[in-house]
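FYI, it's all coordinate maths here, none of it is from the lab. The model shown is predicted, which means the values in this text are computed figures rather than measured ones. Positions of Cβ are generated from backbone atoms using ideal geometry, with glycine treated the same way; all protein chains shown enter the neighbour counts.
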Amino acid sequence: MKPAVLACLGSLAMLPVFATPAAASPVEGASSRAASAPGADSLPRISAAAGPRYRSCATTGVGASGEAVVYGWTQPGAELSVKLSLLDGARDGHSAAIRIVIEGVDGKRRYAGWHRVSGFGKYKEGWGTVKHDRGINKIGVQVAEFKGSRLVESCTDVRGPSS
């Protein structure tokens, strides 16, 4: 597998692009292999029994709304299962889009590829996995409206494991 910031593995119903490593943005020195996260000892730990973490937002007028439900966040180096949901909620000719955003232990943000849906009331959801060998300090989603290839508006919800 090619080096990738977000290793999106496994099958994913409804969002097939999310299921391929090509959907992730390559970053120098990143890998999808398991490794200990530098500085991970200083980060808060959550128990394996901890429930899912929810990240969501909507653009003004709810033209686009989306959510990520993150499972398995037991440590910064854990492989996380993520369910994405996306809705195009406006009759405006724009498409709705969602992508995973991670902030590594190094403080740098990385973005996966966009997944889109277009048409009032259109809804998609799908599953995948996310891992970053330098450790995930925060994870979330960015939701956006596009008119063609031009980003019209976006919102972001990225938080740590305790929220």
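Calculate the all-directions average of the projected area of the stretch 84-163's alpha-carbon convex hull, and give it in nm².
Average of the hull's projected areas for the stretch 84-163 equals 5.7 nm².
What is the sum of charges around residue 58, taking Lys and Arg as +1, Asp and Glu as -1, for the other residues whose C-beta is under 13 Å from the C-beta of residue 58?
So the surrounding residues net to -4.
At 0.36 nm per residue, minus the direct Cα-Cα distance, what do residue 108 and residue 71 gain on full extension? Give it in nm, one decimal, please.
Net length gain for the segment: 11.1 nm.
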